[in-house]
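First up is the structure itself, then whatever we jot down about it.
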C-alpha cells in the first residue's frame, strides 16, 4: 500500500507549487477534477494490483511523473516549459521527503501516521522556504538553460540514488540519503536565487523605464509652463493697459479680479535651478487646486550637478506622495505640505513633510500601501531611492505623531 502513496505524494507536491502560482476559481475547479480522477483510480484498482506493480516501479515512476506534468499543464493552463519546471521542483521536494521518510523508517520502523506527519512537516517547510520565492511573480521569466539544468540534475540524483540502493549498508544508506537530500535542497535554493535575480533585474528595468518616462514628462511640463508664463505675462500687461484706459469702476474691478486669477499662473518660482522651478510650479498649482497649503523654502543654486530630469523625478514623486496623503484629510487646515531644500557645506538636504491620518506600517524601507494593486505600488519611491543612490545619497522615510517626513541627503561634489 505504501507504494501506492507515491503518486499521491507527487500530486500534493505539485499542487503546493500550483497554488503558489495561481489561486483563481477555474484553477480550483481543475484541481478538483484531478483529485476526483485520482480517487476513481484508487477505488477501481484493488490493493493486490498495487502490490503487483512494485516489480515495475521504474516504469510506474516514469508514468506518474509524466502524469504530474500533465496535471500541472492542465491546471495552470501554462506552457510545457513552465509545467516541466514546476514538476521538477515538486519532484525535488517529494524526493527530499522520501529520503527523510526512509531514514526515519530505518530508525523507528514503518508507521503510516509517522510517514504522513513527516510529509506534512517537510512539505510545509519547503513550501514556505522555497515555493513562494520560486514562483511569486517570476513564473514567466524561465529560461531553457535553467530549466534543463534543473531537470537533468534532479533526474540524475534520483537515478544514482536508486541504483544499488538495496545493497548498501545502513551507514552508507544514511550517508547517501543525506547527500541526496543536500543536493535536492541545493537545487531548490539555486533556483530561488535565480528567481530573486530575475526579480531584481525586472525591478531595475522598471525603475529605469519610469525614470525615462519622467524625463519625457519633465520636458513636456517645462515647455508647457514656459508657454503659460509667457501668455500670462502678456495677458497681465493687456489687462493693465485696458484698466488704465477706462474710467468705468465696475470694469476696473472686474479687470482687477481677472488679473488676480491670471497671477496664479504667473507666479514664477525662482530657486536658482530651472528644473526645480518647473516641478515646484507644477506641484504648487496642483496643491492650490486641491486646497492644500503649500510652504516651500528651496535653494536650488547648488543643484547643477544633478540632471534636470532627475530633479523633476525626485521632487515630483515626493510631492505627489505627499499630495495623495494630504488630500484625504477632511480638515482643510491640516492640508499642509512643507518642502525644504537647504545646503550645509558639502551636503544638500531635501525634506518633504505632510500630515496624515490613520496607521502606517512599513515593510522594509517603504510604507505598506492601502491600494489594491500592491505589486505595482511603491515604484515611485523606489525610483527616488534609485536616483538618489546614483549620486551617493541616502533616502529615508519616517512617520511619527501624524507627520510623514521624507529626507534626502546628497553630497555636493
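Among the candidates 146, 115, which residue alone is surrounded by 13 or more Cβ atoms within 10 Å (Cβ to Cβ), at pLDDT 65 or above and under 26 Å from residue 77 (Cα atoms)?
Details: 115 fails: under 26 Å from residue 77 (Cα atoms).
Unique residue meeting the criteria: 146.
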In the set 160, 182, 210, which member is at pLDDT 75 or above, surrounded by 12 or more Cβ atoms within 10 Å (Cβ to Cβ) and either at negative phi or not in a helix (DSSP H, G or I) (or both)?
182
Within region 314-331, identify whether any single residue is surrounded by 19 or more Cβ atoms within 10 Å (Cβ to Cβ), at pLDDT below 90 and out of contact with any strand residue (DSSP E or B) (no Cβ under 8 Å at 6 or more places or on another chain), and answer yes or no.
yes
Hey, any hits in region 341-353 for a residue that's at pLDDT 90 or above and touching a helix residue (DSSP H, G or I) at 6+ places or on another chain (Cβ under 7 Å)?
yes
Among the numbered conditions (1) part of a helix (DSSP H, G or I); (2) closer than 17 Å to residue 405 by Cα; (3) at pLDDT below 85, tell me where residue 294 comes up short.
(1)
Those residues of region 354-380 which are at negative phi, surrounded by 12 or more Cβ atoms within 10 Å (Cβ to Cβ) and modelled with pLDDT under 80 amount to 360, 365, 366, 367, 368, 369, 377, 379, 380
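Test residue 62 against the criterion of being in the same structural domain as residue 190 (by TED's automatic domain parsing), modelled with pLDDT of 65 or more, in a helix (DSSP H, G or I) and under 30 Å from residue 178 (Cα atoms), and give yes or no.
Details: in the same structural domain as residue 190 (by TED's automatic domain parsing): yes; modelled with pLDDT of 65 or more: yes; in a helix (DSSP H, G or I): yes; under 30 Å from residue 178 (Cα atoms): yes.
Yes, satisfied.
The values are calculated or read from the model by the stated rules, or taken from the named source; none is laboratory data. Predicted model, so just to flag it, every value in this text is computed and none were measured. Positions of Cβ are generated from backbone atoms using ideal geometry, with glycine treated the same way; all protein chains shown enter the neighbour counts.
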